[in-house]
Amino acid sequence: MFNIVLHEPRIPGNVGTIGRLAFALNCRLHLIKPYGFGEITEKEVRRAGLDYWYDLEVIEYDDIEDFWAKNPLNDRHFFATTKTEKVYFNTEFKKDDYFYFGREDAGLPETIMNKRVEGMITIPMTNEARSLNIANSVSIVAYEALRQNFAEFK
């Protein structure tokens, strides 16, 4: 099982879509407040997550410090960002790793990534795009982690 960490997500449909993916891959979904919307019970979240939402392991946190108090920062925490050259597919992932993704409009704050710079990973783009949609980014990293560890999940 992997851990998908969304830091201050802004768009409920993205959270629902990522929740559906997390269910499909048997991942835990960690949501760090504040959100850019009301609560995760909003219909936009549930609609994108379909009926899987109720079977998904979702854990909410008041802030990043609350998250780290319950999930101590170590070498198995990875930060998706455009601010590094280290590509995700050159990283060895293991079962129970944590994959962080930041706000759709701003990414992860440097104060978080500076806690473990060696954990920063990026998804390369061959054009001048600024970034990918967060749900796409989560899918790319999570499926690479699954590919590397598929035998353990069979």
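The values are calculated or read from the model by the stated rules, or taken from the named source; none is laboratory data. Please read these numbers as outputs of a predicted model, since none were measured by experiment. Methodologically, a virtual Cβ is constructed for each residue, glycine included, from the backbone with ideal geometry; neighbour enumeration extends over all protein chains shown.
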*So which residues in the stretch 108-132 are among the polar types (S, T, N, Q) and out of contact with any strand residue (DSSP E or B) (no Cβ under 9 Å at 6 or more places or on another chain)?*
Thr111, Asn114, Thr126, Asn127
*Taking the residues in the stretch 76-95 that are under 9 Å from Ile123 (Cα atoms) and touching a residue at least 40 places away in the same chain (Cβ under 8 Å) as candidates, determine which candidate is surrounded by the fewest Cβ atoms within 10 Å (Cβ to Cβ).*
Phe89
*Within the stretch 129-142, restricting attention to residues that are among the small types (Gly, Ala, Ser) and either more than 11 Å from the chain's Cα centre (by Cα) or in a loop (DSSP other than H, G, I, E, B) (or both), which residue is surrounded by the fewest Cβ atoms within 10 Å (Cβ to Cβ)?*
Ala129
*Which residues, taken from the stretch 96-115, are charged (D, E, K, R) and either under 23 Å from Pro34 (Cβ atoms) or surrounded by fewer than 13 Cβ atoms within 10 Å (Cβ to Cβ) (or both)?*
Asp96, Arg103, Glu104, Asp105, Glu110, Lys115
*Tally time: how many residues in the stretch 110-154 are under 20 Å from Arg20 (Cβ atoms) and basic (Lys, Arg)?*
1
*Could you tell me whether Thr126 is at pLDDT below 95, in a loop (DSSP other than H, G, I, E, B), out of contact with any helix residue (DSSP H, G or I) (no Cβ under 6 Å at 6 or more places or on another chain) and within 22 Å of Phe2 (Cα to Cα)?*
no
*Being of a type outside the set (Gly, Ala, Ser) and on the phi > 0 side of the Ramachandran plot narrows it down to one of Asp105, Asp75, Asp96, Asp55, so name that one.*
Asp96
*Starting from the stretch 15-39, take each residue that is within 13 Å of Asp55 (Cβ to Cβ) and list its partners that are charged (D, E, K, R) and surrounded by fewer than 23 Cβ atoms within 10 Å (Cβ to Cβ), counting only C-beta distances under 6 angstrom and pairs at least six apart or across chains.*
Arg28/Glu57
